[in-house]
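Here the structure is laid out as structure tokens; the discussion comes afterwards.
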Amino acid sequence: MNDGKFRRSIFRVLDYGTVMGELKEKLDLLPENPGVYVMLDKDGIVIYVGKARVLKNRVRQYFHSSAKPEKVAAMVENIADFYYIITQTEIDALALENNLIKKYKPKYNILLKDDKTYPYLKVHTKEEFPRVSITRKIQKDGKYFGPFMGGVRCGDLLDIVSLVHNVRTCSTAIGEKPKKPCLAHHLGRCLAPCAHACDKEEYAKRVKETIAFLDGNYEETERILREKMLRFAENEEFELAMEYREKLNMLSKLKLKRITALNRSINADIISLRTNYIYSSVNVLITRGGIMQGSSNFALEDSSLSESDALTAFIIQFYNAHELPPEIITEEYCEKALLEKYFLEKFGKKVDIVLAKQGVKKRLLEMAQKNAADYLAKSVDKIKHKNDMTKNACMRLKDVLGLKKYPKRMECYDISNVSGVDKVGAMVVFIDGEAERSSYRRFKIKTVEGANDYASHQEMMRRRLAKLGTAEEERFPKPDLIIIDGGKGQLSAIKEVFDEMNVTDIELISLAEKEEEVFTLFSQDSVRINHRDYALKMLQRIRDEAHRFAITYFRNLHSKRNLASVLQEINGIGKKKRMALMEKFGTIDKIMSASVDDLATTAGIGPELAKKIYTYFREEL
């Protein structure tokens, strides 16, 4: 070992020993109450959040237990401090833990990107003539079937509903005055209640048949499909007969997914976790009405002390974004009583946690276990590569640029305009090297005349930094690193704003696209990072994302032909509502500046949708 490495090792041991000495005093003062503990690194960044039935016992385990999983040992080496919050019950601790994980996104916790939700078929039972639609949001305004994942397509089921039961799938308003029947009616796919072509009794009967079909009772639907297929074949309408044959084949595949030993009234999710104590994987199987709806795998990293903690953390985060089933079949080490109480208190829903030990439910769990183990074996390299591109790249960037601390939250800024006209800016956010799209923000440059890129950047940065130290900092947390798309000139312009606003605790760099040079405040010379270095690749990703976001905003915002595409981004604005807004206001700028009351008076919009449109166009800084 050379002298430099030896000195660094000595200092690391001394520093760790000093930290442990300071932590020992806090460990001795830990209470025996339930609560949440928060681990911090030397930069004060939250790296882990956990819950405990007895804080004193749980937190001490990290520092006193000799046998710890490798990932836990790696985390403990980075703990410089911790604090705790006492709660009334362990249920409260579980809820608080979940909220803090969402807030801080700690490096060593399980983090599910919130992201992916599965489609459902919804029967709008509260409507006079219920329709069927595909949705990913669950509300208490209809009957839902699903979720559907890998292997079962909602579109195919919806096609059978219209083809066989003739229930409408459109959102056309049905009023006293009959409308002209659409093509679906002429093709025999809809009873056309909007045209008053059927009565309520007949339509209600078809809706009842549809619900029975979606509940898994395929026999009647299969009979109707076969009858129609044979009728078309006899009439030598072979194309239509083939269409019905394809639907029959699809129905046969669905029937094969039925688990014969499972009661049709069973609606359960089956969840299994497998770990190698560095990485973990989870498999979720969905069964509804005794039919396997699909399967989904998740690759995870976490520093939980036990598989029980990891499984509980996964289940809590998973059902933040997905509909709770009546039953969850899972591993015997799951915190059954705790989760059942949590779901009842938080969602007001009774969920049975089944620790399957025998019978068909045990076989379902074994299926999930095999899927999870297989996915873990095949996903380790993918997880490692993802880490290299994200968290490890952040650590590498810290070292390469000599940053004061790990750049957990990075913000990148770009300006887009054509000859100084209609200037817009964009801010994109990366957390631990991954895009955090919910935190992106747009800017309309308001005070700069002409194509002055430096001044535009300065206006954008003043508006961003003005949020610091205010009540809005909760929504716009302070970044660790700000990246400017540009060269030394853009960097100097932003440095002027930093000095003007007395900002000293945010680091600042710029990335020039031509030579991929990184400019910093502490050197006149640029930093050249090897093009194969993951640190540079991460900087390029965030810079390119900022550029894409700015260009997209500019094109959508200031092109009349793209007005419809801008409005299409707003949930609830369909083709007719877009046309009504365009007819009333004419340009996107007028829609943007319209009040809630003005928007609400547009045909088909109403107060609630008007408020949503108004808010959408003000998601700027």
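The values are calculated or read from the model by the stated rules, or taken from the named source; none is laboratory data. Just so it is clear, the structure is predicted and the values come from calculations on it, not from any experiment. So basically every Cβ, Gly included, is an ideal-geometry build from the backbone, and we count neighbours across all protein chains shown.
Looking only at the range 161-191, residues that are within 24 Å of R223 (Cβ to Cβ), of a type in the set (G, A, S) and assigned to a loop (DSSP other than H, G, I, E, B) come to 1 in all. Within the range 490-518, restricting attention to residues that are under 22 Å from G433 (Cβ atoms) and surrounded by fewer than 14 Cβ atoms within 10 Å (Cβ to Cβ), which residue is modelled with the lowest pLDDT? If we take residues in the range 490-518 being under 22 Å from G433 (Cβ atoms) and surrounded by fewer than 14 Cβ atoms within 10 Å (Cβ to Cβ), then E513 is modelled with the lowest pLDDT.
Checked against (1) under 33 Å from the mean Cα position of the chain (by Cα); (2) modelled with pLDDT under 85; (3) in a helix (DSSP H, G or I), L14 meets all criteria but (1).
Within the range 59-101, being free of Cβ contacts under 8 Å to residues at least 40 places away in the same chain and over 17 Å from E307 (Cβ atoms) holds for V59, R60, H64, S66, V76, N78, N99.
Does L112 satisfy the criteria of being assigned to a loop (DSSP other than H, G, I, E, B), in contact with a strand residue (DSSP E or B) (Cβ under 9 Å, 6 or more places away or on another chain) and not assigned by TED's automatic domain parsing to the domain that holds K247? Taking the combined requirement at face value, the residue satisfies it. Within the range 185-238, being touching a residue at least 12 places away in the same chain (Cβ under 8 Å), among the acidic types (D, E), out of contact with any strand residue (DSSP E or B) (no Cβ under 8 Å at 6 or more places or on another chain) and closer than 19 Å to R131 by Cα holds for one residue alone: E209. When A426, A435, A377 are screened for being assigned by TED's automatic domain parsing to the domain that holds A299 and either in contact with a strand residue (DSSP E or B) (Cβ under 9 Å, 6 or more places away or on another chain) or exposed (fewer than 14 other Cβ atoms within 10 Å of the Cβ) (or both), only A377 passes.
Note on the range 63-109: residues that are part of a helix (DSSP H, G or I), under 29 Å from the mean Cα position of the chain (by Cα) and charged (D, E, K, R) amount to 7. Among all residues of the range 257-271, there is at least one that is crowded, with 18+ Cβ neighbours inside 10 Å, among the small types (G, A, S) and under 16 Å from M149 (Cβ atoms).
Within the range 272-282, the set of residues being among the aliphatic types (A, V, I, L, M) and assigned to a strand (DSSP E or B) comprises L273, V282. Counting just the residues of the range 466-489 that are under 19 Å from P407 (Cβ atoms) and without any contact (Cβ under 8 Å) to a residue 40 or more places away in the chain, which one comes out surrounded by the fewest Cβ atoms within 10 Å (Cβ to Cβ)? Of everything passing the filter in the range 466-489, E473 is surrounded by the fewest Cβ atoms within 10 Å (Cβ to Cβ).
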